[in-house]
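Engineer: This is the structure I want to talk about, given as structure tokens.
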Amino acid sequence: QHFSRCSLVFVGSNSPANLASRPAGLLLLDEVEKFAQETDRETSALFLAENRTKSFSGALRVKTSTPTTPDGPIWQEYQKGSMEKYMLACPNCSERIELLWEQVKWEGKDNAGKWNMAQVEDSAHYVCQRCQGKLNDGQKMEMLPLGEWTATNPAAQRGFRSFHLNSLYAPWRSCTFGALAVKFLRDKETMNGLQDFTNSTMAMPWEQ
């Protein structure tokens, strides 16, 4: 698509010829974990695309993806960068915290060891890892606009910023503490379900 000051090009990662044919000053790469890997004849789709920016001194490359495994491309890229996390101020102690899945707690198990999902959803809450204070979804919504990105990797290459965000931060009804607790209890019944929860919901790499 051609505009008065630039051209916008859409390219599939499964097309090496198109990936290698056009220079680009701004490169947006989505779901890089699904990109074609290197072969005997060709380097990976990720490298082919990145090479298109080398003729621009101020090129910007943006890579996004759901992680899969620790040695996957997006997790490797994340660890090379600033590894920034979105820190929220706890309303109880004012300390900055990262929302972590292990801090979500709930009740609702009966005497037979089965979960009452309605009770799980109603009782789920977050426990601050600093002061052990309880946080509900309403408080989370108030915390979100005041959050700050904080770099955690002092050894990052200059200008290489990387960010991590899981579904606990999402403001949607499907991502309340209760909804995610129910999803976790259902997903963990199978190995594939637990892997999907780890990758897609918590944005963490899966290790067997």
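Engineer: Can you list residue pairs whose Cβ atoms sit under 9 Å apart, with the first residue in the stretch 115-140 being more than 17 Å from LEU185 (Cβ to Cβ) and open to solvent by less than 10 Å² (accessible area, probe 1.4 Å) and the second being charged (D, E, K, R) and not in a loop (DSSP other than H, G, I, E, B)? Count only pairs 6 or more apart in sequence or on different chains.
Structural biologist: Short answer, once both residue conditions are applied: CYS128/LYS134.
Engineer: Within the stretch 160-168, is there a residue that is in a helix (DSSP H, G or I) and crowded, with 17+ Cβ neighbours inside 10 Å?
Structural biologist: yes
Engineer: Testing PRO67 on (1) more than 25 Å from ASP30 (Cα to Cα); (2) surrounded by 17 or more Cβ atoms within 10 Å (Cβ to Cβ), one condition comes back false. Which one is that?
Structural biologist: The single condition PRO67 does not satisfy is (1).
Engineer: From the list GLY138, GLY113, pick out the single residue that is more than 17 Å from the chain's Cα centre (by Cα) and part of a loop (DSSP other than H, G, I, E, B). Walk me through how you get there before you give the answer.
Structural biologist: Values: GLY138 fails: part of a loop (DSSP other than H, G, I, E, B).
It is GLY113.
Engineer: Yes or no: ALA17 among the aliphatic types (A, V, I, L, M), under 28 Å from LEU194 (Cα atoms) and without any contact (Cβ under 8 Å) to a residue 24 or more places away in the chain?
Structural biologist: So ALA17 does not fit the description; no.
Engineer: Between a residue in the stretch 197-208 that is under 18 Å from GLU77 (Cβ atoms) and any residue that is of a type in the set (Val, Ile, Thr) and not in a loop (DSSP other than H, G, I, E, B), which pairs come within a Cβ distance under 6 Å, given they are 6 or more apart or on different chains?
Structural biologist: Within 6 Å, the pairs are MET204/THR198; TRP206/THR198.
Engineer: So, one more: Among residues belonging to the stretch 39-64 that are closer than 24 Å to TRP206 by Cβ and of a type in the set (S, T, N, Q), point out the one that is most open to solvent (accessible area, probe 1.4 Å).
Structural biologist: Among those that are closer than 24 Å to TRP206 by Cβ and of a type in the set (S, T, N, Q), it is THR64.
Engineer: Quickly run through the stretch 1-56 and pick out the residues that are more than 21 Å from TYR78 (Cβ to Cβ) and of a type in the set (Phe, Trp, Tyr).
Structural biologist: PHE3, PHE10, PHE56, listed by residue number.
The values are calculated or read from the model by the stated rules, or taken from the named source; none is laboratory data. Treat the numbers as computed from the prediction; the structure is a model and nothing was measured. Don't worry about glycine lacking a Cβ; one is built from the backbone with ideal geometry, like all the others, and counts go over all protein chains shown. The area values use the complete protein model at the heavy-atom level, side chains included, leaving out ligands, DNA and RNA. Shrake-Rupley method; radii C 1.70, N 1.55, O 1.52, S 1.80 Å.
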